[in-house]
Amino acid sequence: MILYHRLQVLGHGNLLYHSNETFRMKKLPIFLSGVLFASVATSWILKTSDDFFEVTKNMEIFTSVYKEVNTYYVDELKPGELMKTGLDAMLSSLDPYTHFFPESQIEDARFEQSGTYGGIGASFRQIDQQITLMEIYENSPAQKAGLMPGDVLLEVNGRPVKGRSGEEVMRLVKGAPKTEVVLKVLRDKEELTFRPLREEIKLKNVSYSTLVENMAYIRLEHFMPNAAADVKAAFLKLRENTRPEGVILDLRGNPGGLLHEAVNLCNLFLDKGKEVVFTKGKVKEWNKSFRTLNAPLDKEIPIAVLVDGRSASASEIVAGTFQDYDRAVVLGNRTFGKGLVQITRPIKYNGQLKVTTSKYYTPSGRCIQAIDYSLKTSGDKGRRISDSLQRAFKTQAGRTVYDGGGVMPDIEVADPLIHDIVQDLVRSNLIFFFANKYRKEHPSIASPESFELTDAEYEAFCRFVMERTGSFSPTLDQAFAQLEKSMADMDHPTEIQSGLNTLKNAFRKEKEAELKKFASEIRPLLAEEIVSRYYYNSGRTAYRLRHDGDVREAIAVLKDRTRYKHILSSAYEIPRREKFGDRSKLREVLLYETPSTPLEE
């Protein structure tokens, strides 16, 4: 139709320009236009017909197989579960963000869209085949009822949870607000029963905000409804009694959320009428441009945006847009690289389908999608777009930026090297368990801004670690256990067992020495976990700020206006590739994690 329209315009132009031509010659362009349109239309109809035939044929095949299996399979089946398995398998061949929610899981769909659910305000995780309470939200029903991190869940409303997945357990715990849920837990070998009254739990968008060296620091966790309004409220509160020198917007670990909230957030610091993002899809309905609609809150104050490998979707829109308009300095590490947009479609019988409909592009024209799911094969996660295929774009000031691999920060802040012993302590949950023990032994502690572990308390942690486990490396402990099990089933000389014991003791001594050698890395993590037991997530963030290299760098850049302006000028070269060097192994793994909150329109 577009081509036909252009030919028609050209034909009318010829009619006007060649006014002295014969009537037959005047009609020729229109005739040719009609022939071309008919050809294009016929091709489109034939393709649509082919697609329709393929869809119809395969639906009939699927229906036949489904009916035959349900009728003749040797064991009794649950048709609904079988269908859900088939749908999940089909959608898993696409991207990780396309999901089907049956009526029974509609609460999960609502939570993804709104960040609210009916529940008790706690998170659970499976540890050693036990469902363990990991975190309590501040002022939640779980906190009011007296539940604590480390409690092992035994029953929900009289139903044992042993053998159930964490997902199943959460569905049992969730429910309509103002309804009671009965939880039986194990705490220090004692069985306790709690009866929290469910409430509507809403995840906080802004989890923490404060002034740090006269900089307005705002930690944004999600882009759920009212995210931009929450950032605005936090900023206005921080400048009630003083004029901040700059804004530090912390988007690290923020998986994204609602597209319009990203647009509204950019609008706080960008002029009205600026394009923030545009989307393109197979269906023209999803080709849209999103612009700022209101006057900005402050279009002059210097801004630093903090990002990392888990900053995704809406976070990347904000970081990429500010970078394209040279409105903020972006610091940290390359972002995740999710340039896809989802919408939710109603499905019969109260189901919902969340489906990827388009890609988004920042104002410079770049799409930061890092993985090409169209090249996905069975068993893999898609192909990462190679650096050689990345294209260059220009910011408003003329700086060069690239597509195809997330948003590269203007300033890379190298991740500190995380040694194996620190990773082992985190993975084995020993820091988590010691913090639980510490909370039970200490009714109160100093504020997050001043709390520090004493040398004696750190020594107590070291003893706790050595008493609780063999090498406190889960992989190594499993290897020793497997070796001992194999040796138990065969005759072996005493000296082999003796050699194994010697090896285990050598590992223990090495780990004990490493606890002291790397205390400067371990102590802040341990103290942060302890602080969260008393002051929850906001306390964790407040304590972390004292040891945060990214924040320190952001403050330095914002205070040095000459450097700040230079970074945002055409003379500055933004790094194209991230130099991993001695980066944390955990960091490299995170690059391929799927953000838990996809971008929704």
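The values are calculated or read from the model by the stated rules, or taken from the named source; none is laboratory data. Nothing here was measured: the structure is a model prediction, and the numbers come from that model. Don't worry about glycine lacking a Cβ; one is built from the backbone with ideal geometry, like all the others, and counts go over all protein chains shown.
Some notes on this structure:
- The residue list LYS232, LYS174, LYS237 contains one member that is surrounded by fewer than 21 Cβ atoms within 10 Å (Cβ to Cβ) and out of contact with any helix residue (DSSP H, G or I) (no Cβ under 9 Å at 6 or more places or on another chain), which is LYS237.
- Test: VAL263 is closer than 17 Å to LYS338 by Cβ, buried (at least 21 other Cβ atoms within 10 Å of the Cβ), assigned by TED's automatic domain parsing to the domain that holds GLY332 and touching a residue at least 24 places away in the same chain (Cβ under 8 Å): yes
- Tally of residues being in contact with a Pro (Cβ under 8 Å, 6 or more places away or on another chain) and assigned to a loop (DSSP other than H, G, I, E, B) across the range 141-189: 2
- Single residue of THR454, THR475 found to be more than 19 Å from GLU135 (Cβ to Cβ), modelled with pLDDT of 95 or more and within 36 Å of the chain's Cα centre (by Cα): THR454
- Which listed residue is in the same structural domain as ASP403 (by TED's automatic domain parsing), buried (at least 23 other Cβ atoms within 10 Å of the Cβ) and either under 28 Å from TYR208 (Cβ atoms) or over 24 Å from the mean Cα position of the chain (by Cα) (or both), from LYS284, LYS338: LYS338
- Single match in LYS78, LYS144, LYS84 (criterion: more than 22 Å from the chain's Cα centre (by Cα) and either loosely packed, with under 14 Cβ neighbours inside 10 Å or of a type in the set (Ser, Thr, Tyr) (or both)): LYS78
- Screening ASN139 against (1) closer than 30 Å to SER428 by Cβ; (2) surrounded by fewer than 13 Cβ atoms within 10 Å (Cβ to Cβ); (3) at pLDDT below 95 leaves a single unmet condition, (1).
- Residue in the range 308-315 that is among the hydroxyl-bearing types (Ser, Thr, Tyr), surrounded by fewer than 24 Cβ atoms within 10 Å (Cβ to Cβ) and at pLDDT 95 or above present: no
Per-residue answers, yes or no, for (1) modelled with pLDDT of 85 or more; (2) part of a helix (DSSP H, G or I); (3) closer than 30 Å to TYR137 by Cβ; (4) in the same structural domain as LYS354 (by TED's automatic domain parsing):
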{"site": "THR42", "(1), (2), (3), (4)": "no, yes, no, no"}
{"site": "LYS47", "(1), (2), (3), (4)": "no, yes, no, no"}
{"site": "THR63", "(1), (2), (3), (4)": "yes, yes, no, no"}
{"site": "LEU82", "(1), (2), (3), (4)": "yes, yes, no, no"}
{"site": "ASP88", "(1), (2), (3), (4)": "yes, yes, yes, no"}
{"site": "LEU91", "(1), (2), (3), (4)": "no, yes, no, no"}
{"site": "ARG110", "(1), (2), (3), (4)": "no, yes, yes, no"}
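- Within the range 268-288, residues that are in contact (Cβ under 8 Å) with a residue 12 or more places away in the chain sit with their Cβ atoms under 9 Å from residues that are surrounded by fewer than 13 Cβ atoms within 10 Å (Cβ to Cβ) and hydrophobic (A, V, I, L, M, F, W, C), at 6+ positions apart or across chains, in these pairs: ASP271/ALA295; LYS272/LEU293; LYS272/ALA295; GLY273/LEU293.
- In this entry, ASP403 passes the filter for residues that are under 30 Å from THR292 (Cα atoms) and in contact with a Cys (Cβ under 8 Å, 6 or more places away or on another chain).
- Selection within the range 385-437: residues that are part of a loop (DSSP other than H, G, I, E, B) and among the β-branched types (Val, Ile, Thr). The member of this set that is modelled with the lowest pLDDT is ILE385.
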